[in-house]
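Asker: I have a structure I would like to understand better, so I am pasting it below and will then ask my questions one at a time.
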Amino acid sequence: MKESEIIQSFFAKNQTPLDDCHLIPPNTLVTTDSLVEGTHFLHNWSNPTQLAQKLIEVNVSDIAASGGIPNICFLNLGLSDVSKQKSWVSEFSKAFKKRIQKYHIRLVGGDTFYSQTTHLTLTLFGKTKKAWFRDGGNDGDTLYLTGTIGNSELGLQSLKQNWPDSKFKLAQKKHLTPDSRLSIVPALSRFQIHACMDLTDGLIQDAKKLAKASCGHLEIDLNSLPVSKIALQMLGWDGILSSGEELELLILSKSHLPKKIKNLSITPIGKFIKSNTKKKSEFSVTFLLDGQKYRPSSEGFVHF
């Protein structure tokens, strides 16, 4: 079964959640995410400090993408013969505590169990004054992207192919320990944000999710995408567009957003056209390169 089919089997028709965060009225956000050995990481690539940081950042990113600030969390640890060792637990817990202190998050509970492979799950709560969701896109909205994309996939490939660390150090850091964009949420909240999501499954898949949720069509200009020259050279456009775990924000807004907030670039990369019908076939994404349609050869990594 496809991931979407598995998820849908647990919900009534047309009631599948569209967002990674759930809003508990009036102002509480909750999200959960996992890192699993063999699926999301390998122990010989990621040390305990990196895993603690990434586990927190991917969850904080969900809260940030919904316009919130995190405050409390629950931690579930499935520890293997490798990760149950005192040295591993000590390093992981030290890094975990340091990172949640950075965000003023309080750990209030969780679960611990033995597992054949390491399973790390965080459930994170946050507060928001006004939540952003994926379904709020308005006709004529500009699509914005924070930061750059492609380096996470470049970092992953450099690890797989044993490319020299010195040349791909920054890309590997982006893949192993990406940073959420929580720091710009207060400033972004001053603008009219219609829809927002974080980039975790690659621009191909995530742009489709955003278009579907907002019931419309996204047109994205590849010439406007902020990418590094080395990432484009090594990966090509398909690699850039399928690069996941970037934790950048995709934003739909009619506001003229600044080019930078807190030294983080914000780039207009396309536009949103609201559909006049409810035909799902019209909820789509078009990529343009030099004025011509560009069709990626695949959608990138899928879980199933």
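Asker: Return a yes/no flag: does region 126-142 have any residue that is outside any loop (DSSP other than H, G, I, E, B), among the polar types (S, T, N, Q), in contact with a Ser or Thr (Cβ under 8 Å, 6 or more places away or on another chain) and over 19 Å from residue 247 (Cβ atoms).
Answerer: The answer is yes, given that some residue of region 126-142 is outside any loop (DSSP other than H, G, I, E, B), among the polar types (S, T, N, Q), in contact with a Ser or Thr (Cβ under 8 Å, 6 or more places away or on another chain) and over 19 Å from residue 247 (Cβ atoms).
Asker: Right, here's the next one. Has region 245-255 got any residue that is out of contact with any helix residue (DSSP H, G or I) (no Cβ under 8 Å at 6 or more places or on another chain) and under 25 Å from residue 59 (Cβ atoms)?
Answerer: Within region 245-255, one or more residues are out of contact with any helix residue (DSSP H, G or I) (no Cβ under 8 Å at 6 or more places or on another chain) and under 25 Å from residue 59 (Cβ atoms).
Asker: Check region 148-171 and report whether any residue there is touching a strand residue (DSSP E or B) at 6+ places or on another chain (Cβ under 8 Å) and either acidic (Asp, Glu) or open to solvent by 20 Å² or more (accessible area, probe 1.4 Å) (or both).
Answerer: Within region 148-171 (the criterion being touching a strand residue (DSSP E or B) at 6+ places or on another chain (Cβ under 8 Å) and either acidic (Asp, Glu) or open to solvent by 20 Å² or more (accessible area, probe 1.4 Å) (or both)), the answer is yes, since at least one residue qualifies.
Asker: Moving on. So is residue 269 open to solvent by 30 Å² or more (accessible area, probe 1.4 Å) and either modelled with pLDDT under 95 or of a type outside the set (D, E, K, R) (or both) or not?
Answerer: Spelling it out, it is not the case that residue 269 is open to solvent by 30 Å² or more (accessible area, probe 1.4 Å) and either modelled with pLDDT under 95 or of a type outside the set (D, E, K, R) (or both).
Asker: Also, I was wondering about something else. Could you say whether any residue in region 158-168 is without any contact (Cβ under 8 Å) to a residue 24 or more places away in the chain, out of contact with any His (no Cβ under 6 Å at 6 or more places or on another chain) and either within 19 Å of residue 287 (Cβ to Cβ) or among the hydroxyl-bearing types (Ser, Thr, Tyr) (or both)?
Answerer: Yes.
Asker: Hey, another quick one. Being open to solvent by 10 Å² or more (accessible area, probe 1.4 Å) and closer than 18 Å to residue 142 by Cβ is the filter here, so list the residues in region 193-208 that pass it.
Answerer: 193, 194
Asker: Taking only pairs six or more apart or across chains, which ones have beta-carbon atoms under 6 Å, a first residue in region 255-266 that is surrounded by 12 or more Cβ atoms within 10 Å (Cβ to Cβ), and a second residue that is assigned to a strand (DSSP E or B)?
Answerer: Note: pairs meeting the criteria are 257/144; 257/266; 264/146; 266/144; 266/146.
Asker: Continuing with the same structure: Would you point out the residue of region 249-304, among those that are out of contact with any Phe, Trp or Tyr (no Cβ under 9 Å at 6 or more places or on another chain) and among the β-branched types (Val, Ile, Thr), that is nearest to residue 183 (Cα to Cα)?
Answerer: The qualifying residue nearest to residue 183 (Cα to Cα) is 261.
Asker: Can you give me the number of residues within region 272-290 that are modelled with pLDDT of 95 or more and exposed (fewer than 10 other Cβ atoms within 10 Å of the Cβ)?
Answerer: The total comes to 1.
Asker: If a residue has to be part of a helix (DSSP H, G or I) and either open to solvent by less than 50 Å² (accessible area, probe 1.4 Å) or at pLDDT below 95 (or both) to count, how many in region 50-109 make the cut?
Answerer: 23
Asker: Can I ask one more? Determine if region 258-280 includes at least one residue that is among the charged types (D, E, K, R) and in contact with a Cys (Cβ under 8 Å, 6 or more places away or on another chain).
Answerer: yes
Asker: Scan region 285-300 and give yes if some residue there is in a helix (DSSP H, G or I), closer than 28 Å to residue 55 by Cα and in contact (Cβ under 8 Å) with a residue 12 or more places away in the chain, otherwise no.
Answerer: no
Asker: Can you tell me which residue within region 1-24, out of those that are part of a helix (DSSP H, G or I) and among the polar types (S, T, N, Q), is surrounded by the most Cβ atoms within 10 Å (Cβ to Cβ)?
Answerer: 8
Asker: Please work out if residue 286 is among the polar types (S, T, N, Q) and under 18 Å from the mean Cα position of the chain (by Cα).
Answerer: No; evaluated as a whole, the condition is false for this residue.
Asker: Which condition from (1) of a type in the set (A, V, I, L, M, F, W, C); (2) closer than 24 Å to residue 275 by Cβ; (3) touching a helix residue (DSSP H, G or I) at 6+ places or on another chain (Cβ under 7 Å); (4) open to solvent by 20 Å² or more (accessible area, probe 1.4 Å) is the one that residue 220 breaks?
Answerer: Status for residue 220: all satisfied but (4).
Asker: What's the number of the condition residue 28 fails, among (1) under 24 Å from residue 188 (Cα atoms); (2) in contact with a strand residue (DSSP E or B) (Cβ under 7 Å, 6 or more places away or on another chain); (3) buried (at least 21 other Cβ atoms within 10 Å of the Cβ)?
Answerer: Condition not satisfied by residue 28: (3).
Asker: In region 143-156, how many are assigned to a helix (DSSP H, G or I) and not hydrophobic (A, V, I, L, M, F, W, C)?
Answerer: Residues flagged as assigned to a helix (DSSP H, G or I) and not hydrophobic (A, V, I, L, M, F, W, C) within region 143-156 amount to 4.
The values are calculated or read from the model by the stated rules, or taken from the named source; none is laboratory data. Given the structure is predicted, the values throughout are model-derived calculations rather than measurements. We place every Cβ from the backbone using ideal geometry, glycine too, and count neighbours over all the protein chains shown. Side chains included, ligands, DNA and RNA excluded: accessible areas come from the protein's heavy atoms. Shrake-Rupley method; radii C 1.70, N 1.55, O 1.52, S 1.80 Å.
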